[in-house]
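Novice: Structure incoming, see below.
Every read-out reported here was derived from the displayed coordinates using simple, explicitly stated rules and does not represent laboratory data. As the structure is a computational prediction, the values presented were derived from the model and not from experiment. Every residue, glycine among them, receives a Cβ derived from its backbone with ideal geometry; neighbour counts consider all protein chains shown.
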Amino acid sequence: QCRFWPSVLKGNGYHTAHIGKWHTGIDTGNGRDWDHQIVWNRPAHPDNAGNYFYDQIVTFNGKDRRVEGYSTDNYTDWAIDYIEGGNRDLEKPWYLWLCYGAIHGPTTPAERHDGELKGKESDVPADIFGPWPDKPRYLEKTSSWQEGPDGKAYRQKKKLKKSNFNTNTAGQGYQDWVQQYNECVMAIDEGVGRVIETLRHTGQLENTLIVYAADQGFALGQHGMNNKVAPYDAAVASPLIVSHPATLPKGKVCSHPVNAPDVVRFFCTTAGVEVPWRTDGRDIRPLLTDPENAKWDRPMIMTHTGRRYGSDTDSQPDTEALYQVGNIPWYVLLRDGKYKYVRYLVEGEVEELYDLEADPEELSNLAIEEASLPLLGVLRQKAVDELRRTHAGFVDTMPQTAAMKKGG
């Protein structure tokens with residue numbers, strides 16, 4: 001029922017391929033969205049769904065087989081084979097979606113990287129232990145760290161669902177966990193490097209649009225968390241690196257945030273195709289062609305609605321659905337210039353407002369300050385305007401916030 005935009009590329013002459021992780025229903029779109037697909041289909045094999053790194057059941061163009069080796073390396077090998085011409089029509093332009101499962105829990109570095117960062121320490125977030133009096137109440141439930149007798153941070157024991165495969169090593173020290181996390185990233189770094197080198201030696205790099213991104217961040221102690229989804233940059237912001245040597249400048253940094261619909265629109269515009277259904281992405285070409293000087297005053301909206309999508313989000317959910325993902329309630333996040341605004345769909349909950357230039361760690365919630373009430377009202381209205389622009393059905397049923405109840 002949910003159409004997927006790669007099918008539009010396929011229908012317009014592109015050879016399309018997907019390699020790697022999939023967990024959005026058991027229908028992976030093989031043959032419909034993808035001409036070539038090597039997919040670890042987690043929903044189709046529940047007993048194998050925790051095997052993020054080894055012993056995966058992988059479906060090769062519709063046929064299952066169990067594979068050996070480290071998944072990050074396997075995905076890279078299969079991607080390189082495709083780029084070099086394997087399993088595709090060499091007369092067609094191509095689109096490849098390479099989806100690494102790393103560094104999802106159980107976060108497992110490749111054997112060659114295990115222990116490589118031992119002894120290298122990271123800064124501990126300032127508010128890892130709390131309290132968080134100016135932030136929403138759910139942070140007490142997402143709190144994941146405790147202070148040991150030595151004053152250092154250690155992971156708390158948490159009760160998780162059987163389907164949650166995140167590493168839950170109660171008592172593990174903060175530095176050890178961050179080391180494990182970063183060592184797991186190393187195989188991705190190597191894999192991306194190998195993909196780029198393959199494009200270079202096959203003569204395709206100059207005219208290939210490359211987008212490196214992730215589906216979210218992951219808070220490593222910020223605001224007491226050890227999770228994703230929450231509306232703080234540590235938990236949701238992800239890298240976005242774009243390369244197209246033939247058309248885009250090199251080595252530039254753009255400070256404006258973009259979201260997934262924006263990137264999809266950019267893909268399709270670059271490919272010269274048009275998605276035949278309504279999408280809400282903004283045209284971000286000005287940001288990419290002149291990243292440091294583009295005049296840009298368009299706010300960015302992001303919503304978290306748990307496991308509900310489309311018309312299923314038109315009305316306010318019950319409490320179970322509201323907190324279904326990680327005990328983090330539904331919310332609306334708006335980025336406008338240097339400001340971030342967050343409104344939760346929880347009656348009487350505090351809003352959040354941060355000046356990310358002055359406070360990049362999001363430690364001081366300006367929304368509770370009297371002097372910020374005019375700005376809070378402006379951003380609250382901009383969020384509503386963006387929800388209307390993007391046809392969010394729940395826009396008129398959002399519960400009142402703490403400030404609104406006080407007349408602010």
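Novice: Check which residues have an amide H placed less than 5 Å from Gly306's amide H, if you skip close sequence neighbours.
Specialist: HN-HN under 5 Å from Gly306: empty list.
Novice: Still on this model: Below 8 Å, C-alpha to C-alpha, sequence gap of six or more: please give me the relative contact order for the stretch 299-408 in percent.
Specialist: Values: 174 pairs, mean separation 31.0, N = 110.
That works out to 28 percent.
Novice: If you don't mind, another one. Determine the dipole magnitude for the chain: charges of +1 sit on the beta-carbon of Lys and Arg, -1 on that of Asp and Glu, nothing else is charged, the reference point is the Cα centre, and the result goes in debye to the nearest 20.
Specialist: 840
Novice: Further question: Lysines within cross-link reach of Lys21: Cα-Cα under 16 Å, excluding same-chain residues under 8 positions apart?
Specialist: Lys63
Novice: Let me ask another. I'd like the trypsin sites (Lys or Arg not before Pro) in the stretch 349-408 restricted to DSSP loop residues with at most 11 other Cβ atoms within 10 Å, sorted by number.
Specialist: Counting only loop positions with at most 11 other Cβ atoms within 10 Å, the trypsin sites (Lys or Arg not before Pro) in the stretch 349-408 are Lys406.
Novice: What net charge do the residues around Pro299 carry, taking every other residue with its C-beta under 14 Å from that of Pro299, with Lys and Arg at +1 and Asp and Glu at -1?
Specialist: The answer is +4.
Novice: Pick out, from Trp132, Gly115, Tyr75, the residue whose Cα sits farthest towards the positive end of the charge dipole of the stretch 30-160, with +1 on the Cβ of Lys and Arg and -1 on the Cβ of Asp and Glu.
Specialist: Comparing the listed Cα positions along the dipole, Trp132 ranks first.
Novice: Using only helices, what value at 222 nm comes out for the chain when you add -39,500 (n - 2.57) per DSSP H run of length 4 or more and divide by the total residues, to the nearest 500 deg cm²/dmol?
Specialist: When only DSSP H runs of four or more count, the value is -7000 deg cm²/dmol.
Novice: Relative to the longest principal axis of the chain, what angle (0 to 90°, nearest 10) does the C-alpha long axis of helix 174-201 take?
Specialist: Rounded to the nearest ten degrees, it is 40.
Novice: Among Ala102, Ala230, Ala271, determine the one that fluctuates most according to a GNM of the chain built with springs between C-alpha atoms less than 10 Å apart.
Specialist: Ala271
Novice: I would also like to ask the following. Looking at the stretch 257-300, which trypsin sites (Lys or Arg not before Pro) are in a loop (DSSP not H, G, I, E or B) and have at most 10 other Cβ atoms within 10 Å?
Specialist: Passing both the DSSP loop test and the Cβ count: Arg278, Lys295.
Novice: What area, in nm² and to one decimal, does the C-alpha convex hull of the stretch 278-324 cast on average over all directions? Write out the running numbers ahead of the final one.
Specialist: Numbers: hull surface 20.2 nm².
Computed as one quarter of the Cα hull surface, the answer is 5.1 nm².
Novice: Right, another one. Quantify how much of the Cα-Cα distance distribution of the chain extends past 38 Å, in percent.
Specialist: On the way: 19876 of 83028 pairs.
Summing the P(r) tail past 38 Å for the chain gives 24 percent.
Novice: Along the charge dipole of the chain, pointing to its positive end and built from +1/-1 on Cβ of Lys, Arg, Asp and Glu, which listed residue (Pro399, Ile19, Ala358) has its Cα farthest out?
Specialist: It is Pro399.
Novice: Lys and Arg at +1, Asp and Glu at -1: add these up for the other residues within a Cβ distance under 11 Å of Asp262 and post the number.
Specialist: Taking every other residue near Asp262 into account, the sum is +2.
Novice: Would you be so kind as to identify which of Leu376, Thr198, Gly31 lies farthest towards the positive end of the dipole of the chain, taking Lys and Arg as +1 and Asp and Glu as -1 on Cβ and the Cα centre as origin?
Specialist: Going by the charge dipole, the pick is Gly31.
Novice: Hey, another quick one. Determine the dipole magnitude for the stretch 299-408: charges of +1 sit on the beta-carbon of Lys and Arg, -1 on that of Asp and Glu, nothing else is charged, the reference point is the Cα centre, and the result goes in debye to the nearest 20.
Specialist: So the magnitude is around 320 debye.
Novice: Which whole-number percent gives the relative contact order of the chain, counting Cα pairs below 8 Å spaced six or more residues apart?
Specialist: Once divided by the residue count of the chain, the mean separation gives 12 percent.
Novice: Summing Lys, Arg as +1 and Asp, Glu as -1, what charge do residues with Cβ under 11 Å from the Cβ of Glu190 carry, Glu190 excluded?
Specialist: -1
Novice: Follow-up question, since we're still on this one. In terms of modelled amide H atoms, which long-range or inter-chain residues lie less than 5 Å from the amide H of Val58?
Specialist: Answer set, sorted by chain and number: Arg65, Arg66, Val67.
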